[in-house]
Structure formats: C-alpha cells, structure tokens
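Only the coordinates and a few stated rules stand behind these numbers; no lab work does. Values in this document were obtained by computation on a predicted structure and should not be read as measured data. A quick note on method: Cβ atoms are made from the backbone with ideal geometry, for glycine too, and the neighbour counts reach across all protein chains shown.
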Amino acid sequence: MSVTKSKAFFISILALGIFGIINTEMGIIGILPLIAENFGVSVSTAGLLVSLFALAVAISGPILPLLFSGYNRKGVMLLAIGLFVVSNVVSMFAPNFTIALIARIVPAFLHPVYVSVAFTAAASSVSPEMAPKAIGRVFMGLTAGMIIGIPIASFIADYANLEIAMLFFAVVNALTFLAILLFVPSLPVKQKQSYGSQVRILKKGVVWAAIFGAIFILSGMYATFSFFAEYLGRVTEMSSNTISLMLILFGLTGMIGNLLAGKLLTNNALKTAFVYPLVFVGSYLVLFLLGSFTVPMILLIAFWGVLFTFGLNISQYMITSSAPEAPDFSNGLFVAFSNLGVTIGTMVSGAFINGMGIQSVMWVGIVFLLLGFLSILLFIPLTRKSNIKDASKLAA
C-alpha cells in the first residue's frame with residue numbers, strides 16, 4: 001500500500017470511530033418513543049438519554065483530553081471505543097431505565113477524548129498545510145453520524161426491533177475497535193506537555209475570540225437545524241417521508257461540504273472564516289422568504305447541508321489554529337464549546353418558537369451568526385498578530 005493510500009486508510013478509520021460515537025449519541029433520537037415505551041417512562045424522561053449525554057460531553061471536554069494528552073494515542077482510542085462497545089451492549093440488555101441511562105452517561109465522558117485524539121492524529125499524519133483537509137475528511141464521520149445515524153436507527157427499529165437498533169451502534173463501534181487494533185500503528189506522544197503549559201493557552205486573547213466564534217456559529221447552526229423537521233412540516237408542509245429524504249439530502253451535501261471546507265481552509269483559511277457567516281446569514285434570509293415553496297426549499301436544503309458542515313470545520317480550525325502548541329487540549333475545547341453552542345442555540349430557538357412561531361428560528365440563527373461574525377472580525381487580526389510573533393521567534 002502506498003504512503004498516500006495508507007494515510008487515507010488511517011484517516012478513514014479515525015472517521016469511522018467518530019461515526020460510531022456520534023451515531024451512538026444522535027441515532028438514539030429517532031428511537032426515543034420506542035425506548036420510552038420499552039422502559040415505561042415518558043418521552044421527556046427518555047430524552048435524558050440525549051441531554052445528559054451532551055452534558056457529560058460538555059463537562060469532560062476541557063478536562064479529560066488534557067489528562068489523556070500524554071498517553072499513547074492508539075491506546076486512548078481503543079479505551080474510548082471499547083467503552084462505547086460495552087455501553088452499547090449493556091444498553092441492549094438493560095433491565096430498567098436507570099441502568100440504560102448510566103450505560104449512556106459513562107462513555108459520554110470519553111467522547112471528547114476520542115474526538116480530540118482523532119483530530120490531532122489526523123493533523124499530525126500530514127504536513128501542517130494539509131491538516132485542514134485531513135481533518136475535513138475525519139469530519140465526514142461526524143456528519144454521517146449526526147445526519148444518517150438517526151434515520152438508520154429508526155429504520156432498523158421499525159423493521160426489526162429496539163434491541164437490533166441498539167446492536168447496530170455496538171457493531172459499528174466494535175468494527176472500529178478491531179480496525180484500530182489491527183491497522184493503526186502505535187502512536188506515542190513524542191513530547192509530553194505539562195498540564196500547566198497546555199492550560200496556559202487560555203491566557204491568549206485569540207483563543208477566546210475563537211471560542212466565542214465557535215459558540216456563536218454553532219448556536220446559529222443549531223438554532224435552525226434542531227427544528228429542521230418541524231420547519232419543513234409546518235412551513236413547507238412536507239410529509240414525514242419527504243422530510244426523511246430531506247434529512248438524507250442534507251447529510252449527503254454535508255459530506256461534500258466537509259471536503260470543500262477542508263480544501264478552502266487549506267488554501268485560504270482566514271478569508272473562508274470571514275465570508276462564511278455572511279453567506280449563511282444570506283441563506284437563512286432566503287430560507288425564511290421561500291420556506292413555503294417546495295422546489296426552492298429542496299435546492300436550499302442541499303446548500304444548507306454544505307454550509308452546516310462548513311461551520312463545524314471552521315469552528316474547529318479557529319480553536320486549534322489559535323493554540324497549535326496544545327492540540328489535544330484545544331480539540332477538547334472545541335468539543336466542549338461546540339456542545340455548549342448546540343445547547344444555547346436550541347434553547348433560545350425553543351423559547352422564540354413558543355412566543356413567535358416556528359419561522360422565528362431563522363432570525364435567531366441570523367443573530368447568532370452575526371455575533372459569530374463579530375468574533376471572527378476579532379479573531380483574524382489577533383491570529384495575524386500571533387503569526388507575526390511566531391515568525392519573529394523563529395527568525396531569532
């Protein structure tokens with residue numbers, strides 16, 4: 001196998017791992033009513049399987065990637081994926097809801113550890129200039145898990161049963177575990193950094209500009225996407241089957257967006273970050289104006305999917321590029337604060353829907369994206385200033 005093909009295979013394994021983890025997190029959304037019925041709880045109680053999972057991710061994001069940053073990355077990935085396999089199996093046979101909930105929360109704490117290590121490993125496998133493209137390919141696993149995982153789990157549960165749907169989560173993670181064990185070489189950390197040297201990045205203004213940019217961008221993305229199905233059902237008046245097809249279209253174009261984002265960030269990262277929120281704001285305006293027209297909405301949904309995954313790539317790029325000296329910790333920060341953005345965007349939009357109707361989600365998204373744009377306006381000069389300092393240090 002050539003070096004290029006070997007690296008592509010390595011990155012594909014990393015992406016499969018993220019797909020398995022995100023699929024475990026998001027895929028369960030489509031089978032919550034069945035879970036509620038199975039354990040004799042309300043749907044809102046069953047929703048704790050989603051909300052507490054996200055909370056565990058947000059809590060562990062800044063901490064555990066830091067603690068695991070000095071260990072062999074292959075071992076860390078095997079630990080994280082192995083725990084997901086065990087938790088998926090326990091969930092299948094859980095005798096009550098409490099056991100099922102514990103089985104969900106425990107592996108969630110290692111979610112940001114795997115994602116952080118996967119991004120770091122992908123970036124370090126190629127030249128620094130090609131890192132955004134490599135990370136963009138890893139993001140394909142995240143996109144697939146978020147978009148495709150929900151309909152796949154629902155389909156399996158409808159045509160088989162709940163246990164088989166849960167088995168699907170376990171199988172994907174088990175395959176990843178075997179792939180890492182057999183095909184990924186040992187990945188020791190060559191220069192172990194002290195925890196203090198990594199936490200010190202939080203003193204940098206450019207890091208905080210990137211963090212707030214990521215929070216606002218993710219809030220703007222999920223202010224609308226969290227209510228994707230409801231918007232298409234109530235405003236565009238699509239049937240449930242058509243909405244399922246639109247989710248698949250959204251996911252497929254999102255994968256294209258990953259590849260395109262990686263290429264553009266590789267060629268001109270700051271210009272891409274600058275233009276992105278403005279283009280997304282324009283798309284939200286068009287979605288608001290043409291929301292009741294089916295054919296234009298299908299085209300807009302395809303474009304929406306591309307922009308959606310662009311936001312994930314750009315947010316990750318901003319945080320990690322602002323602190324290249326602490327890749328594991330900065331990737332952990334991305335996972336934590338992106339989850340915070342998801343929570344904020346969803347909660348704020350939910351409040352506006354109750355008071356102003358479903359179409360208000362587009363305006364909520366616009367406001368968050370504009371706040372993200374202001375953060376990027378601050379991020380760009382701080383980044384350039386930081387790059388000048390680094391260049392002067394090298395010259396000295």
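Among the DSSP helices (H) of the chain, those spanning at least 27 angstrom by Cα along their long axis with an average Kyte-Doolittle hydropathy of 0.5 or more are 3-26, 73-92, 162-183, 205-225, 240-289, 294-321, 327-356, 360-395; this is a geometric and hydropathy rule only. Computed on the Cα trace of the chain, the radius of gyration divided by the Kirkwood hydrodynamic radius gives Rg/Rh = 0.96. Here the spin labels are modelled as points 7 Å beyond Cα on the Cα-Cβ line, and at VAL199 and LEU175 they lie 4.1 nm apart.
The peptide list 61-68, 268-275, 357-364, put in order of mean Cβ contacts within 10 Å with the highest first, becomes 61-68, 357-364, 268-275. Rg of the Cα atoms in the range 137-280, relative to 2.2 N^0.38 Å, amounts to 1.37. Taking each residue as 0.36 nm, the span from VAL106 to ILE59 lengthens on full extension beyond its C-alpha to C-alpha distance by 15.7 nm.
Kindly rank 46-57, 289-300 from highest to lowest mean number of other beta carbons found within 10 Å of each residue.
On the way: 46-57: 18.2, 289-300: 14.2.
Descending packing order for the listed peptides: 46-57, 289-300.
Once R0 is set to 41 Å, what does the formula 1/(1 + (r/R0)^6) return for the Cβ-Cβ distance between GLU37 and ASN354, expressed as a FRET efficiency to the nearest 0.05? Approximately 0.95, to the nearest 0.05. Full extension of the chain between PHE293 and MET347 yields a length gain of 16.7 nm, computed as 0.36 nm times the residue separation minus the alpha carbon distance. Note on the chain: helix-only mean residue ellipticity at 222 nm, from DSSP H runs of 4+ residues weighted -39500 (n - 2.57) and normalised by residue number, equals -28000 deg cm²/dmol. With K and R counted +1 and D and E -1, the other residues having a Cβ less than 14 Å from that of ALA131 yield a net charge of +3.
Here each label is just a point 7 Å from Cα along the line to Cβ, and for MET130 and ASN267 those points are 1.8 nm apart. Taking the charge dipole of the chain about its Cα centre, with +1 at Lys and Arg Cβ atoms and -1 at Asp and Glu Cβ atoms, the residue from PHE329, SER219, VAL364 reaching farthest to the positive side is PHE329. How far, in nm, would the chain grow between VAL367 and ILE99 when pulled straight, counting 0.36 nm per residue and subtracting the alpha carbon separation? Taking 0.36 nm per residue and subtracting the Cα distance, the gain is 92.4 nm. FRET efficiency for the pair LYS385 and ILE29, taken as 1/(1 + (r/R0)^6) with r the Cβ-Cβ distance and R0 = 51 Å, rounds to 0.75.
The label point for ASN241 and the one for LEU285, both projected 7 Å from the Cα toward the Cβ, are 3.8 nm apart.
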